[in-house]
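Quick notes on the structure that follows.
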Amino acid sequence: MKEIEDLWRYSKFTVMKFVKGTVDRGYILGGVDDIMATLDEHIMNLQGISASRFVEPFKNSVYELEKDLSHMSEVIEVLCLITVLLKLSGPMP
């Protein structure tokens, strides 16, 4: 569990400038597929740990970390939707 926590505590995300045509549209999150795969794997690992009969001493820590990673996953999904909308939308005023 400590390895999972440390990985996300010290992770850096790639943010890329997004230009459509000649118009600067802002920034988007890069490398999302790898991030989401790792997040999903860690969430599943934490769910397995929480199902263990030996989890009782760290049950709250496991629950909090799982909740934090799930929240991070939801935020990244929203950022992906925004990226799609940026790519599909017309010129900005």
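Straight-distance candidates among the lysines for linking to K12, with alpha-carbon spacing under 26 Å and chain neighbours fewer than 8 residues away dropped: K2, K20, K67, K87. Protection proxy ranking, highest mean first, for peptides 11-21, 65-75: 65-75, 11-21, where packing is the per-residue count of other beta-carbon atoms within 10 Å, averaged.
Under 5 Å between amide hydrogens, built in the peptide plane, is the criterion, and for F18 it picks out R25, G26, Y27, I28 among residues at least 5 positions away or on other chains. Close amide H partners of V55, meaning residues 5 or more places away or on another chain with modelled amide H under 5 Å apart, do not exist here. The slack between E64 and D34, meaning 0.36 nm per residue of separation minus the straight C-alpha distance, is 8.5 nm. Short to long, the 10 Å bins of the Cα pair-distance histogram for the chain hold 14, 39, 24, 15, 7, 2 percent of all pairs.
Rule-based calculations on the coordinates, nothing more; no lab input. As the structure is a computational prediction, the values presented were derived from the model and not from experiment. All Cβ positions, glycine included, derive from the backbone under ideal geometry; neighbour counts span all protein chains shown.
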